[in-house]
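Below: one structure, written as structure tokens.
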Amino acid sequence: MAANEDWLKKSISRGLQALVVLHLEGGPSAETVTQTAGIWVRVIKSWPISWDEQLDRQRLTDAFLALASQATRWPSPKELRLLLPARKYPQAALPKPDYPPEKAKENLQKIRKLLSLAFAEEKETGAQREERLKQLQQIIDQTKPN
């Protein structure tokens, strides 16, 4: 087994050791535990999974724990696979936005202007309303990306 898959063999062995300690009905005898572990490793490696220690070590641990908590008889590798949780991919942290304070201040002023134009007094005349809507449209047009 390649060194990068050594973790997989160890994880499977630890999981099987926990099952052996439970003395489940149909479990392997002391003479065949090593061969049983070898078969489990071969079967698990044959699954269409590209095993990755960072993504799969905890999944295997969780699946063996679930198997140990549910099993009343010695399980098959298939039962482990059914209990294998989905992979959890780490979320890369987004870089802190590089946004100039001047631009933020300018945008805040635009927002305030838009709000004041949008919610103007109802006492305005028709011409005042038209002028306000024209200004509002100009600000909106300036903010549209090209």
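Listed values, structure above:
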| item | result |
| --- | --- |
| Criterion (hydroxyl-bearing (Ser, Thr, Tyr), touching a strand residue (DSSP E or B) at 6+ places or on another chain (Cβ under 9 Å) and either loosely packed, with under 12 Cβ neighbours inside 10 Å or more than 30 Å from LEU24 (Cβ to Cβ) (or both)) met by exactly one of THR125, THR72, THR143 | THR72 |
| Filtered residues of the range 1-42 (kept if among the polar types (S, T, N, Q), free of Cβ contacts under 8 Å to residues at least 12 places away in the same chain, outside any loop (DSSP other than H, G, I, E, B) and more than 19 Å from THR72 (Cβ to Cβ)) | THR34, GLN35 |
| Qualifying positions in the range 56-114 - of a type in the set (Asp, Glu) and within 30 Å of LYS45 (Cα to Cα) | ASP56, ASP62, GLU79 |
| Any chance LEU67 is of a type outside the set (Gly, Ala, Ser), touching a Pro at 6+ places or on another chain (Cβ under 6 Å) and farther than 18 Å from GLU5 by Cα | yes |
| Test for ALA93: is it free of Cβ contacts under 8 Å to residues at least 24 places away in the same chain, exposed (fewer than 12 other Cβ atoms within 10 Å of the Cβ), in a helix (DSSP H, G or I) and within 34 Å of the chain's Cα centre (by Cα) | no |
| Tabulated pairs, the range 124-140, first farther than 18 Å from GLN109 by Cβ, second among the small types (Gly, Ala, Ser), C-beta under 9 angstrom, 6+ apart or interchain | GLN128/ALA120; ARG129/ALA120 |
| Residue check, ASP98 loosely packed, with under 10 Cβ neighbours inside 10 Å, more than 37 Å from the chain's Cα centre (by Cα) and among the charged types (D, E, K, R) | no |
| Meets criteria (within 18 Å of PRO85 (Cα to Cα), of a type outside the set (Ser, Thr, Tyr) and in a helix (DSSP H, G or I)) for LYS45 | yes |
| Verdict on GLU131 being within 39 Å of the chain's Cα centre (by Cα), over 30 Å from ALA63 (Cβ atoms) and of a type in the set (Asp, Glu) | no |
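Laboratory data are not the source of any read-out in this text; all were calculated from the coordinates shown. Predicted model only: the values in this text are computed from it and were never measured. For neighbour counting, all protein chains shown are included, and Cβ atoms are generated from backbone atoms with ideal geometry for every residue, glycine included.
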